[in-house]
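Taking it in order: structure first as structure tokens, then the write-up.
The values are calculated or read from the model by the stated rules, or taken from the named source; none is laboratory data. Worth saying up front: this structure is predicted, and the values here are computed from it rather than measured. All Cβ positions, glycine included, derive from the backbone under ideal geometry; neighbour counts span all protein chains shown.
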Amino acid sequence: MSLKERINAANEEAFRRIVAADPVLVDVAPASEVIPGLRDRMILHSGPPVTWERMCGAQKGAAIGMCLFEGWAEDAAAAERMLGAGEIALEPNHHHATVGPMAGTITRNMWVWVVENRAFGNRAFCRQVESFQQFGDHSRDALAGLEKWRDVWAPALGAAVRKMGGVPLKSLVARALLMGDELHNRVVASSSLFANAVAPILVDCGLPREQVVATLYYAGNHPFLFLGLSMAAAKASMDPARGVEASTVVTAMARNGTEFGIQVSGLEGEWFTAPSPRVHGLLLPGWKEEDAGLDMGDSAITETVGWGGAAIGGAPGILNFTGGTAEQALAFSRDMRTISVGTSPDYLLPALDFAGTAVGLDIRKVVHANLVPVIDTAIAHREPGHGIIGGGIVRPPMECFTKALARFSEKYNG
Amino acid sequence: MSVKIEDLLKNRPVFINVGVRAFGDSLREAGHEVVQLDWSPPAGGDTRLAALLDDLL
């Protein structure tokens, strides 16, 4: 069998595994109980590996916030000293079957969505999505949001999910795509579908009335609630496609605000990185271009599995967050098909005549077409201490893909 | 002369513009029918990457 035939067969296998995925939300639980290898005094973060010295401002702010949340430090200055002295371990979420939005910081007492891929038996995890601490805000108010998630909302949602025997996400995501979501920054329909599914069970869990009311209000009104779930579902769907010998399919795209990194199935365990790009989009009132940090977050796992930018043509409602036109959004989703192995039989886009979303980004096709994927994303401040400042569209650096292709050629053709 | 070639000479030509769209635009502005074919050199013209792809794609 020639190398080209081996690659094509390997990519078909990776594609088969991705589309066969059956993500089911099975629990909401403390990270310490479910995330493999998460130790005390360890912060998991988004993107490829990064040191404290090279960490961007927003991710530093979020790491300081986690030190305060865990009670490791009394104030921000003390937290900064501990992090600078290397007293807190920093590791990428992706090394722990986990993903996190924006700075992506997760520690032992952060509760996480637990999604099981029932087709393969693997689990993946994602933390709560909110608009403050994950963007680098470590104020008392920002941390109060994490504490409510830990003490009130997450335990209640976990109880309801366990009582339901799990919430199948494949059909929910498919319905949300038909309703104008793209499962990255447009998760309005999926959040509502999820809240509707959970509500009647939640009121029947024997929890205190105040906790039930607060959780119903949270689940029913949080416009980004489902992003944590779509990220965990995407991660659970992608992980079985890792390590397929000779496959050129991308298994992760993740950014830490300093570097953009990709991982490739046939090059398991390696990262291919380049400087994080600038996001082009819309800023909230009061913010200027020079305030913006660079691209950050594990949420591009949604584009990796074929949502987000791959589905944005069917989600014109997102354009008031990212900017751009409906025609451009359709072109983005068509472009993603050019650089992917195939299309999903389950996740369909009405705006593209019910074509399936693009699945299985292929580094060969990206380099050949000189066309990188499209990612829609939020924007953080370049300094610590701020919440969300905007949203937009970003393209990964081509350098990630050309480095991966050169390494692939060296490994398999050398 | 064959009928097909006579037709070609008698009728207005339809152009196929390959690659850079601007060339087709000027023909279109001159009143000609133009079919655009999007094309760019493999790997954006990077010969080293194109050589790698020869073995892989």
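Restricting segment A:242-260 to residues that are under 12 Å from A:Cys400 (Cα atoms) and in contact with a helix residue (DSSP H, G or I) (Cβ under 7 Å, 6 or more places away or on another chain), the residue that is nearest to the other protein chains (Cβ to nearest Cβ) is A:Val250. Quick check: is even one residue across segment A:100-115 surrounded by fewer than 23 Cβ atoms within 10 Å (Cβ to Cβ), at positive phi and either modelled with pLDDT under 95 or in contact with a strand residue (DSSP E or B) (Cβ under 7 Å, 6 or more places away or on another chain) (or both)? So far as segment A:100-115 goes, no, none of its residues is surrounded by fewer than 23 Cβ atoms within 10 Å (Cβ to Cβ), at positive phi and either modelled with pLDDT under 95 or in contact with a strand residue (DSSP E or B) (Cβ under 7 Å, 6 or more places away or on another chain) (or both).
Inside segment A:179-220, residues that are small (Gly, Ala, Ser), surrounded by 15 or more Cβ atoms within 10 Å (Cβ to Cβ) and over 30 Å from A:Ala310 (Cα atoms) make up a count of 2. Screening segment A:304-414 for helices (runs of 4 or more DSSP H) wholly inside it with 1 or more residues that are within 14 Å of chain B (Cβ to nearest Cβ) and among the charged types (D, E, K, R) returns the ranges A:326-338, A:363-369, A:398-413.
Among the criteria (1) farther than 20 Å from A:Gly306 by Cβ; (2) more than 14 Å from chain B (Cβ to nearest Cβ); (3) of a type in the set (A, V, I, L, M), the one A:Ala21 does not fulfil is (1).
Please specify each residue of segment A:138-158 satisfying the condition of being of a type in the set (Gly, Ala, Ser) and surrounded by fewer than 22 Cβ atoms within 10 Å (Cβ to Cβ).
Here is the first cut: in segment A:138-158, the ones of a type in the set (Gly, Ala, Ser) are A:139, A:142, A:144-145, A:154, A:156, A:158.
Of everything in segment A:138-158, those that are of a type in the set (Gly, Ala, Ser) and surrounded by fewer than 22 Cβ atoms within 10 Å (Cβ to Cβ) turn out to be A:Ser139, A:Ala144, A:Gly145, A:Gly158.
B:Asp54: within 30 Å of A:Ser409 (Cα to Cα) and in a helix (DSSP H, G or I), yes or no?
On the way: within 30 Å of A:Ser409 (Cα to Cα): yes; in a helix (DSSP H, G or I): yes.
Yes; evaluated as a whole, the condition is true for this residue.
Counting only strands (runs of 3 or more DSSP E) that sit completely within segment A:221-288, those holding 1 or more residues that are surrounded by 24 or more Cβ atoms within 10 Å (Cβ to Cβ) correspond to A:250-256, A:259-264, A:272-275. Taken over segment A:56-81, the criterion of being of a type in the set (A, V, I, L, M), crowded, with 22+ Cβ neighbours inside 10 Å and out of contact with any Leu (no Cβ under 8 Å at 6 or more places or on another chain) is satisfied by A:Ala58, A:Ala62, A:Met66.
Taking the criterion of being in a helix (DSSP H, G or I), more than 7 Å from chain A (Cβ to nearest Cβ) and surrounded by 13 or more Cβ atoms within 10 Å (Cβ to Cβ), the only residue of segment B:38-51 that qualifies is B:Ala50.
Please pick out the residue among A:Asp335, A:Asp291 that is out of contact with any helix residue (DSSP H, G or I) (no Cβ under 6 Å at 6 or more places or on another chain), farther than 25 Å from A:Asn11 by Cβ and either buried (at least 24 other Cβ atoms within 10 Å of the Cβ) or not assigned by TED's automatic domain parsing to the domain that holds A:Ser46 (or both). Working first, answer last.
Values: A:Asp335 fails: farther than 25 Å from A:Asn11 by Cβ.
Residue meeting the stated conditions: A:Asp291.
Under the condition of being more than 20 Å from the chain's Cα centre (by Cα) and closer than 16 Å to A:Thr273 by Cβ, the residues counted in segment A:42-52 number 1.
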